[in-house]
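Any read-out appearing in this document is the output of simple, stated calculations on the displayed coordinates, not a laboratory observation. All values reported here derive from a predicted model rather than from experimental measurement. A quick note on method: Cβ atoms are made from the backbone with ideal geometry, for glycine too, and the neighbour counts reach across all protein chains shown.
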Amino acid sequence: MNYLSTRGDATPRRFCDILLEGLAPDGGLYLPQTYPQVDDATLNRWRGLSYADLAFEILSLYIDDIPADDLHAITRKVYTAEIFGTTEVTPLTWLGDHIALEGLSNGPTLAFKDMAMQLLGALFEYELGRRGETLNILGATSGDTGSAAEYAMRGKKGVNVFMLSPNGRMSPFQQAQMFSLQDANIHNIAVDGVFDDCQDIVKAVSNDLAFKREHRIGTVNSINWARLLAQVVYYFAGYIQATKSNDEQVSFTVPSGNFGNVCAGHVARMMGLPIKQLVVATNENDVLDEFFRTGAYRPRGTADTHETSSPSMDISKASNFERFVFDLLGRDGARVKQHFGAPTFALTADEHAAIAGFGFVSGRSTHADRVATIRRCHAEHGVVIDPHTADGLKVALEKREAGVTMLVLETALPAKFAATIVEALGTEPPRPAGLEGIEQLPKRVKVMLADVGQVKAYIHAHV
């Protein structure tokens, strides 16, 4: 299996090369040359597997430069009840006929990012050990990627983490999860700006090939194909739990900011998983909803990116979106490069119409919507959900079709967003044992301007 860039660089690369590289040299994102196809017999065989063994089967379709026994050992080490709380790893919670939450937030940092980041940490450690090399990870987070990456990488041999976050724009719990870590290989940088400013810095550093190679820069954001590939697994797991036979279709609603989570669903659908619809749910930062409705992609600047009560989705430049556009445009790397090199772009009428063939629809949620949805879910089902999951559930209820099961991907546990839960329900959300008073722990963080040069200097001084 070889990989190519969304911007036209067709130099064949193997999985372990792009695992450590992140962005392609031409600034594009990596995708496999073809999507492996999963037939009816294979899907039936997978129905009896544990999550760890299912992950091995799917990853094996894309990874042929890690020995099978080693890869299987990695998935069995990562996807355990000890790390993810249940033997199912991603259990379903039914909210009535044909609608359920897929639980993705039982890992160490209480967010769905753990599902991929725990695997990524193990893969990094394995490959760096095999090569005798080190890696300096540069990432950006709007809330949950950062803590998931840091908890997965803390203490890992040969790995340093430099994580950028928007200063003051995460929940107190999210900030405390990251900034309270005292491990020497973890470096938190709070940038005066929004998530998009952090993401722009990561891309700028990654596009400086000389600096990237000298300082061995890699990434854990979902621009890293390995991270997104790990997320493909839970679409198959959710489908298998929700169906009895492969002639059933299932739809998924995904709260979306950077488009990585739902892009994994796109990959699963391209592999042949019987997905009817992929529903993109945005908050007030609704650039993606606008695109799917109109065909126009108009990212916003810092001043026009709203600070909301679902902060992990406060994103206006969705990096992974480029992967879907690449497939939508017939894998025309030159056109993708042209589109994403411009401030905005618009599809032709025919291209916009073609979106339906990929199963995508979209919807939008506001603060009032998410508060009302949290109340409704608790009142009707006794289930407390976080604000991002509430965005997803609100849009799912609008978009679901009669007779088609809808799975809403849970984003995080409500404990991470206590203020909104208190507003909706009047009570503090429960916290897992050991996380009481996390906001009062000593913090280790460097605040700096949204400046590429400052970030480079900081990395240079700490590697």
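Structure above, values below:
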| read-out | value |
| --- | --- |
| Scattering profile of segment 97-146 at q = 0.13, 0.26 Å⁻¹ [log10 I(q)/I(0), Debye over alpha-carbon scatterers] | -0.45, -1.02 |
| Gap separating the Cα centres of segment 225-247 and segment 41-120, nearest whole Å | 8 |
| Aspartates and glutamates with Cα under 18 Å of Lys456, excluding same-chain neighbours fewer than 8 positions away | Glu21, Asp192, Asp196, Asp197, Asp200, Asp208, Glu214 |
| Convex hull projection area averaged over all views, segment 70-167, Cα basis, nm² | 7.7 |
| Inter-part distance where segment 130-174 and segment 401-463 are each reduced to a Cα centre, Å | 13 |
| For q = 0.22, 0.24 Å⁻¹, Debye-computed log10 I/I(0) when each Cα of segment 291-334 counts as one equal scatterer | -0.88, -0.96 |
| Rg followed by Dmax, in Å, when segment 15-121 is reduced to its Cα trace | 15.8, 48 |
| Qualifying GluC sites (Glu not before Pro) in segment 1-110, DSSP loop, other Cβ atoms within 10 Å at most 16 | Glu88 |
| Candidate lysines - alpha carbon under 16 Å from Lys399, same-chain residues fewer than 8 apart omitted | Lys276 |
| Aspartates and glutamates whose Cα lies under 16 Å from that of Lys443, excluding same-chain neighbours fewer than 8 positions away | Glu150, Asp183 |
| Convex hull volume of segment 270-378 per residue (C-alpha atoms, cubic angstrom) | 124 |
| Hull shadow area, averaged, segment 113-266 [alpha-carbon convex hull, nm²] | 10.4 |
| Neighbour cut-off at most 13 other Cβ (10 Å), DSSP loop, trypsin sites (Lys or Arg not before Pro), segment 223-303 | Lys244 |
| Distance violations [Cα-Cα > 29 Å] among Lys77/Lys317; Lys337/Lys446; Lys157/Lys203; Lys77/Lys337; Lys156/Lys212 | Lys77/Lys317; Lys337/Lys446; Lys77/Lys337 |
| FRET efficiency, 1/(1 + (r/R0)^6) with R0 22 Å, evaluated for Thr134 and Arg444 via beta carbons | 0.55 |
| For q = 0.09 Å⁻¹, Debye-computed log10 I/I(0) when each Cα of the chain counts as one equal scatterer | -0.53 |
